[in-house]
Amino acid sequence: MTVTELMKQIEERLTGDLPQDMNYLSSLSQELRREENAEELLEAIAEKAYSIMPEEQRAEFTEMTFLNGKRLDQVFAQALKLVNDGKMQEAETLLAGLSDKIAAHYEDAKPRLFSFRNPFEYHMYRFYYPNDTDFDRAPFDFAHYLQLYGYVLLDNKKLDEAEQALERAIRFNPVSADVRFEMAELCKLRRDGKKLLAVNQDTLRFCTSAERIARVLANMGFYCYYVGDFYEAAVFYFESLRFYGSKPVEIELQDVMRHMKTYGQKFAPPTEGQTLDVYRKYGLQPPPNSDLVNLAVTLADSAQEYGKPELEGLFTRVAFDLTNNPEFRERLAAVDRKVQEAKEKGES
């Protein structure tokens with residue numbers, strides 16, 4: 001989408017009702033975050049929002065959404081680049097400013113603000129917490145901002161501050177597996193086995209892909225090795241590789257097997273019953289989570305019924321990522337064709 005096309009769409013949708021129009025522009029910003037030219041589109045939306053505000057609200061808007069003359073998402077993008085360049089101290093300074101801004105204006109908002117990263121996360125939250133309906137969408141992805149802040153603090157060996165940042169990130173997105181992976185890394189650094197087990201148990205139910213499942217199981221392998229349960233560690237590493245291939249996990253499995261050998265133990269691929277016993281021993285439900293698979297399929301069917309192929313594709317992708325079921329792959333391909341045909345008709 002070009003800026004010109006976006007502005008035409010916005011002008012057609014604006015009603016003159018300021019709260020309604022601002023909610024629309026906020027929602028539109030969320031929808032366009034993954035566009036290739038997201039930065040210029042978001043800039044155009046922000047300028048439009050600013051232009052329709054009464055003069056007395058503009059100062060408050062600027063205070064809440066800008067830091068050092070830049071919009072919060074632009075500051076985050078700058079911090080992310082610093083992280084990718086290995087400049088962790090500089091990144092920490094920027095992210096600390098973002099953290100302070102979040103705490104000052106958004107942390108105690110009523111209703112609570114959540115920053116789910118996609119519609120499936122929203123529906124996950126509604127599935128797990130059906131009685132909680134009093135919340136709104138945050139204007140930026142604060143869970144991601146605080147997750148990166150926690151990651152940088154971990155790298156800079158500030159473990160207590162990292163824990164606080166990650167706990168805040170989880171409050172902004174209670175169904176995020178990715179934030180919990182950073183918490184697991186913190187537990188490893190502290191050699192806090194008890195909390196690592198609790199984090200792994202919590203994380204597994206929020207995993208929406210085979211890669212995420214594999215990471216939890218690898219973390220369980222780490223935990224079992226740490227507490228001296230070498231056979232169980234080998235089973236979890238083996239299970240992790242079954243869900244998603246990883247050279248580092250292969251190396252960990254080989255290391256456990258060598259350790260077992262020094263004690264006269266041998267490891268062979270476990271039977272289904274042996275695997276189930278290991279899961280049960282640590283209070284884990286064997287993945288994938290059938291509740292999430294069923295939720296994804298139900299949502300995909302509903303999206304199809306209401307003629308929303310993009311959402312149907314998103315939810316079908318979750319079902320496929322969790323199961324690798326070829327039926328979901330075929331449905332996903334059909335949906336992709338449908339979306340492409342719609343785009344081609346719109347362009348013609």
Beta carbons within 10 angstrom, averaged per residue: use that to sort the peptides 286-292, 262-268, highest first.
286-292, 262-268
Expected output is a single nm value to one decimal: the length gained when fully extending between Ala268 and Lys308, i.e. 0.36 nm times separation in residues minus the C-alpha distance. What is it?
9.7 nm
Leaving ligands, DNA and RNA out of it, report the carbon-plus-sulfur percent of the accessible area of the stretch 138-197 at a 1.4 Å probe.
47
At q = 0.26 Å⁻¹, what log₁₀ I(q)/I(0) does the stretch 47-111 have when each alpha carbon counts as one equal point scatterer in the Debye sum?
-1.09
For the stretch 67-215, shape from the Cα gyration tensor axes a ≥ b ≥ c, cut at a/c of 1.5 then a/b versus b/c, turns out oblate
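Note down the magnitude of the dipole of the stretch 304-348 about its Cα centre, charges +1 on Lys and Arg C-beta and -1 on Asp and Glu C-beta and zero elsewhere, to the nearest 20 debye.
It comes to approximately 20 debye.
Heavy-atom accessible area per residue, the chain, 1.4 Å probe: how many Å²?
Here the per-residue accessible area is 54 Å².
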Evaluate the charge dipole of the stretch 10-155 about its Cα centre and quote only its size in Debye, nearest 20, assuming +1 on the Cβ of each Lys and Arg and -1 on the Cβ of each Asp and Glu.
340
One can check that the equivalent ellipsoid of the stretch 280-348, built from the alpha-carbon gyration tensor with semi-axes equal to the square roots of five times its eigenvalues, has lengths in Å, largest first, of 30, 11, 8
The chain, Kirkwood Rh and Cα Rg, ratio Rg/Rh at 1.01
Over the Cα atoms of the stretch 162-312, each weighted equally, I'd like the Debye log10 I(q)/I(0) at q = 0.12, 0.14, 0.15, 0.21 Å⁻¹, rounded to two decimals.
-0.56, -0.73, -0.81, -1.32
Relative contact order for the stretch 284-327: what is it in percent, counting Cα pairs under 8 Å that are at least 6 residues apart?
42
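By per-residue mean of other Cβ atoms within 10 Å, what is the highest-first order of 297-307, 223-233?
Values: 297-307: 15.5, 223-233: 18.8.
Per-residue Cβ counts within 10 Å, averaged per peptide and sorted highest first, yield 223-233, 297-307.
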Using alpha carbon centers only, the stretch 173-187 is separated from the stretch 64-118 by a whole-angstrom value of 18
Show me 80-93, 152-165 ranked by packing, highest mean number of other Cβ atoms within 10 Å first.
152-165, 80-93
Which of Lys261/Lys281; Lys195/Lys281; Lys70/Lys157; Lys110/Lys195; Lys101/Lys195; Lys195/Lys247 exceed 19 Å between C-alpha atoms? The answer is Lys261/Lys281; Lys70/Lys157; Lys110/Lys195; Lys101/Lys195; Lys195/Lys247
Overall form of the stretch 8-100 per C-alpha gyration tensor (a/c, 1.5; a/b vs b/c)
oblate
Ranking Met53, Ser302, Pro270 by how far each Cα lies towards the positive end of the charge dipole of the chain (+1 on Lys and Arg Cβ, -1 on Asp and Glu Cβ), the top one is Pro270
Average Cα contact separation per residue, the stretch 33-192, under 8 Å, 6 or more apart, as relative contact order %:
18
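At a threshold of 8 angstrom on Cα-Cα distance, excluding pairs fewer than six apart, so keeping six or more, what relative contact order does the chain reach in percent?
9
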Could you give the size of the charge dipole of the stretch 70-152 about its Cα centre, using +1 on the Cβ of each K and R and -1 on the Cβ of each D and E, expressed in debye and rounded to the nearest 20?
200
List the aspartates and glutamates whose Cα sits under 15 Å from the Cα of Lys266, skipping any in the same chain fewer than 8 residues away.
Asp229, Glu232, Asp255
Mind checking which lysines have their C-alpha under 28 Å from Lys338, skipping anything on the same chain fewer than 8 residues away?
Lys8, Lys308
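The values are calculated or read from the model by the stated rules, or taken from the named source; none is laboratory data. As the structure is a computational prediction, the values presented were derived from the model and not from experiment. Using ideal geometry, Cβ is built from the backbone for each residue, glycine included, and neighbour counts are taken over all protein chains shown. Just the protein is used for accessible areas: all its heavy atoms, side chains included, with ligands, DNA and RNA removed. Shrake-Rupley method; radii C 1.70, N 1.55, O 1.52, S 1.80 Å.
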